[in-house]
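Participant: The following block contains the structure, expressed as structure tokens.
The values are calculated or read from the model by the stated rules, or taken from the named source; none is laboratory data. Keep in mind the model is a prediction, meaning the values are calculated, not measured. Here the Cβ positions follow ideal geometry from the backbone for every residue, glycine too, while neighbour counts run over all protein chains shown. The accessibility values were calculated without ligands, DNA or RNA, using every heavy atom of the protein model including side chains. Shrake-Rupley method; radii C 1.70, N 1.55, O 1.52, S 1.80 Å.
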Amino acid sequence: MRVLIVEDEIRLAATLQDLLELNGYTADVCHDGEAGLDNAMTAIYDVVILDVMLPKLDGFTVLRRLRASGSATPVLMLTARSEVADRVEGLDCGADYYLTKPFEPKELLACIRALTRRQPELRNTDLLEYGDLKLEKSSFALSCGERSVRLSRKEFDMMELLMLNREIVLTKENLLLKIWGYESDAEDNNVEVYISFLRKKLDHLHSRVRIKTIRMVGYCLETGAA
Ligand code: CA
């Protein structure tokens, strides 16, 4: 699970990042609204923690623009302002939850768990299915009928993302960020290499599922005809 923290108070942002990482999340930090919006739009985050009073763009504007772009990423608004009108504005802009500072770490973690539970139910089950394919999280096994192969960690991460997003096109940038992370120097080329590994495995499995290349954009799955 990857969380984006948009918070201009440096110490609070660092505390949040530590808290989340201690609890098994990957957390990235932005210190102003513009950078926060740019990053939130990449759609690689499972939750965005968004402060209201921010330099460059305030949290309400960030949220409004994010929702206008079609993003449904859960947003937890975090703010010192506790006026009812602010909460209403936040929720009207499309926030999923509103937490007032100071807050208890336990409460924040509970919110994040609740928000990520609303994500596709597939995320929490051991078995993902698409077309004639089954992907088992506990064993990294990808199977089609009687045939089965074991995937490497990166192949598994990539196949899981493709299967969770199904026919939605994933850009190379999305795959790169979500699998290799923000600070990695992996390049588009890595994505291509792993896509070709996965295609070979799909052939080997005699699966009808194909990884379709959308030129200049990215990849998505499709089920071929019988
Ligand atoms: Ca602030």
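Participant: Taking θ as phi - 60°, what are the ³J(HN,Hα) couplings along region 154-166 by the Karplus curve (6.51, -1.76, 1.60), each to the nearest whole Hz, with x for Gly and Pro?
Facilitator: With the stated coefficients, region 154-166 comes to 5, 4, 4, 4, 5, 5, 4, 4, 4, 6, 5, 9, 6 Hz.
Participant: Just to confirm the filter: which trypsin sites (Lys or Arg not before Pro) across region 133-208 are DSSP coil and have at most 14 other Cβ within 10 angstrom of their Cβ? Show your work: numbers first, answer last.
Facilitator: On the way: sites: Lys134, Lys137, Arg147, Arg150, Arg153, Lys154, Arg166, Lys172, Lys178, Arg199, Lys200, Lys201, Arg208; in loops: Lys137, Arg166, Arg208.
Passing sites in region 133-208 are Lys137, Arg166.
Participant: Tally Lys and Arg at +1 and Asp and Glu at -1 over the other residues with C-beta under 11 Å from the C-beta of Arg166: what net charge comes out?
Facilitator: Taking every other residue near Arg166 into account, the sum is -3.
Participant: Under the rule a/c < 1.5 gives rounded, and otherwise a/b versus b/c splits prolate from oblate, where does region 2-120 land using the Cα gyration tensor?
Facilitator: It comes out rounded by the Cα gyration axes.
Participant: Taking a probe of 1.4 Å, how large is the accessible area per residue of the chain, in Å²?
Facilitator: 52
Participant: Within region 183-223, which GluC sites (Glu not before Pro) sit in a loop by DSSP and count at most 10 neighbouring Cβ atoms inside 10 Å?
Facilitator: Numbers: sites: Glu183, Glu187, Glu192, Glu222; in loops: Glu183, Glu187.
The qualifying sites are Glu183.
Participant: Pull up all non-local amide H partners of Met77: gap of 5 or more, or a different chain, and H-to-H distance under 5 Å with H placed in the peptide plane.
Facilitator: Amide H neighbours of Met77, under 5 Å, 5+ apart: Leu50, Asp96, Tyr97, Tyr98, Leu99.
Participant: Within region 94-226, how many Lys pairs that are eight or more residues apart, or on different chains, come under 14 Å at the alpha-carbon? Each step should come with its number before you reach the end.
Facilitator: Numbers: Lys134/Lys201; Lys137/Lys154; Lys154/Lys178; Lys154/Lys201; Lys172/Lys212; Lys200/Lys212.
Lysine pair count for region 94-226: 6.
Participant: If I fit a long axis through the Cα atoms of helix 10-22 and take the longest principal axis of the Cα atoms of the chain, what angle between them do I get, 0 to 90°, rounded to 10?
Facilitator: 40
Participant: Carbon and sulfur atoms: what percent of the 1.4 Å accessible area of region 2-120 do they account for?
Facilitator: The nonpolar share, carbon plus sulfur, comes to 52 percent.
Participant: Another question about this same structure. Write down the radius of gyration of the chain and its Dmax, each obtained from C-alpha positions, in Å.
Facilitator: In Å, with Rg to one decimal and Dmax whole: 19.3, 60.
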